[in-house]
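J.: Mind having a look at this structure? Questions to follow.
Values in this text are rule-based calculations from the coordinates and carry no lab data. Bear in mind the structure is a predicted one, so any value in this text is a computation, not a measurement. Please note: Cβ atoms are built from the backbone with ideal geometry, for glycine as well, and neighbour counts cover all protein chains shown.
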Amino acid sequence: MRAKRWPTEVSREQFRTITGLQDFPEYLRGKLNRDGALLYYSNGAMSYKLKGVNARVSVIWNFEAPAGAGDTHFASYRGTRARVEVRQGKAEQYRPEVYVVANRAADKATVLAAVKRKIAGLQGTYPGFGFMPHPLFAWCPALSMVEVFATKTPGGNVGFSLFGFVPDE
């Protein structure tokens, strides 16, 4: 079990943009570095065990995304037969998408059948929700043993549970 934190440096100009204040208030002056930037401890990473399951979390906050980019997000939840990944980056045009990836080639058919059952069960609540084989992974040699499925609602929303749908037999 470990944890660490590190700051994002916020300049006076950035602080002014965020708050509308012309300068840092007195109570923040002790938090400035030699260059006069505020050391804002908004970044961290920790690993821990929850009910016997290893978990790792990390968060990085930058003042703003690079030009032409948007907010990014990545989360991975590993099960015995598959992992569920939530990705929101350049490849996803900064919209969240959910990927279900078999851990081993031998589990691909079981995972695919489970995803199809789960998606079918969600149709009443989320009409139009579906999945498709991800075209980018067809040519990637490192991932040729697994099939990756992207899932999302027509509006691009993700976040409801897809966990626990592959039984341990």
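J.: Using only the alpha carbons, work out the radius of gyration and Dmax of region 1-87 in angstrom.
T.: Considering region 1-87 through its Cα atoms, Rg and Dmax are 17.6, 54 Å.
J.: Out of residues 5 or more away from Gly79 or on other chains, whose amide H comes under 5 Å of its own, with H placed 1.01 Å from N in the peptide plane?
T.: Val84
J.: With 10 angstrom as the radius, rank Asp107, Asp23 by how many other C-beta atoms surround their C-beta, starting from the fewest.
T.: Least to most surrounded, the residues fall as Asp23, Asp107.
J.: Give the order of Asp71, Asp35 when sorted by the count of other beta carbons within 10 angstrom, beginning with the fewest.
T.: With the sparsest Cβ surroundings first, the list reads Asp35, Asp71.
J.: Magnitude of the Cβ-charge dipole of region 1-104, K/R +1 and D/E -1, about the Cα centre, nearest 20 debye?
T.: Roughly 840 debye for region 1-104.
J.: Please arrange Arg81, Arg5 by counting, for each residue, the other beta carbons lying within 10 Å of its beta carbon, fewest first.
T.: Arg5, Arg81
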